[in-house]
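Enquirer: What follows is a single structure, and I will ask about it in a moment.
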Amino acid sequence: MHPSPMLLLDLTLPTAAENVALDEALLDAAEAGEIDDEILRLWEAPAPLVVVGRSSRVTAEVNLDACRVAHVPVLRRSSGGAAIVAGPGCLMYAVVLRYAGREHLRLLDEAHRHVLSALAAALSTLVANVQPLGTSDLALGWRKFSGNSVRCKRDHLLYHGTLLYDFDLTVVERLLLMPPREPEYRRGRQHGEFLTNLGIPAQVLRSVLARGFAAHKPLVDWPRERTAGLVRERYACDAWNLER
């Protein structure tokens, strides 16, 4: 499914800011030559959080009053796309890929196709009717269980997203507004009618992703200082998270 073995980092950090920062830190570390191999990271937030896209207008996508009442943090990631809700029952994944030998991945459509095809092939060993839809979604039939986004740098890309497997979909209804943009296949459906869960146990899902991406060797020396720096500079700051 993937041409070469990848490093595996199954790591959930204590805070929402650290978890969002770590994805970007892995990309930066790969760009700096500090990590030679490609990476698959898996994590799962212990409590709900909202993550908006780099260009998202928070007030257009997020019910900020509901987030404040429920003490749900709102963070802004470095990649594009619309707002998502994560938390227990939503496995988060990220892959850091190099362009060398696969220059076609510099085209966004090809990057989406490459990663979503690998994910769909891995998941199809467990569930039927998995299909890529829209720009960067995975769906069971016509109901979305995975939203994804990409951040590109000179020599590497970060591709990351959500995998709903046993998530309380009413949380999404409470915390997110209807998106300002939607794929054609959504057809105006509310979150609860549009989203679905895979119904696969978390550990089984982790294992099938690791196999699908040939990620078996643990990444032990993950970029701690880079992560802490990004938290200080961005992800712990309202000036970054709520800037627009």
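Read-outs throughout are calculated quantities, based only on the coordinates presented, and are distinct from any laboratory measurement. Computed from a prediction, not measured in an experiment: that's the story for all the values here. Please note: Cβ atoms are built from the backbone with ideal geometry, for glycine as well, and neighbour counts cover all protein chains shown.
Enquirer: Pick from GLU61, GLU44, GLU233: which residue has the top mean-square fluctuation in a GNM of the chain where Cα pairs under 10 Å get a spring?
Expert: Ranking GLU61, GLU44, GLU233 by mean-square fluctuation puts GLU233 first.
Enquirer: For the chain, what proportion of DSSP beta bridges, expressed in % and rounded to the nearest 5, is antiparallel?
Expert: 75
Enquirer: Using the Karplus equation 6.51 cos²θ - 1.76 cosθ + 1.60 (θ = phi - 60°), what ³J(HN,Hα) coupling, rounded to whole Hz, does each residue of region 102-108 give in order, writing x for Gly and Pro?
Expert: 9, 4, 5, 5, 5, 7, 4
Enquirer: Oh, and also: Label-point separation (nm) for GLN190 and GLU34, each offset 7 Å from Cα along Cα-to-Cβ?
Expert: The two pseudo-label positions are separated by 4.6 nm.
Enquirer: When only DSSP loop residues count, what chymotrypsin sites (Phe, Trp or Tyr not before Pro) in region 42-117 have their Cβ near at most 16 other Cβ atoms within 10 Å?
Expert: TYR99
Enquirer: Still on this structure, please answer the following. If I take R0 = 30 Å and measure r between the Cβ atoms of ASN129 and SER4 in this structure, what FRET efficiency does the formula 1/(1 + (r/R0)^6) give, to the nearest 0.05?
Expert: For R0 = 30 Å, the calculated efficiency reads 0.50.
Enquirer: Fewest first, what order do VAL115, VAL72, VAL208 take by the number of other Cβ atoms within 10 Å?
Expert: Arranged by neighbour count, lowest to highest, VAL115, VAL72, VAL208 become VAL208, VAL72, VAL115.
Enquirer: Would you order LYS144, LYS153 from fewest to most other beta-carbon atoms within 10 Å of each residue's own beta-carbon?
Expert: Listed from fewest to most nearby Cβ atoms, that is LYS153, LYS144.
Enquirer: Modelled label-to-label distance, ARG244 and ARG224, 7 Å Cα→beta-carbon offset: nm?
Expert: Here the modelled spin labels are 3.6 nm apart.
Enquirer: Take LEU169 and HIS216, extend 7 Å from each Cα along the Cα→Cβ direction, and tell me the distance between the two endpoints in nm.
Expert: Result for the modelled spin labels: 3.7 nm.
Enquirer: If I build a Gaussian network model for the chain, linking alpha-carbon pairs within less than 10 angstrom, which residue out of LEU75, LEU107, LEU26 has the largest mean-square fluctuation?
Expert: With Cα springs under 10 Å in the chain, the top fluctuation among LEU75, LEU107, LEU26 is at LEU107.
Enquirer: Consider a paramagnetic label point 7 Å from the Cα of LEU108 along Cα→Cβ; state which residues of region 154-178 have an amide N under 18 Å from it.
Expert: Residues 154-162 fall inside that zone.
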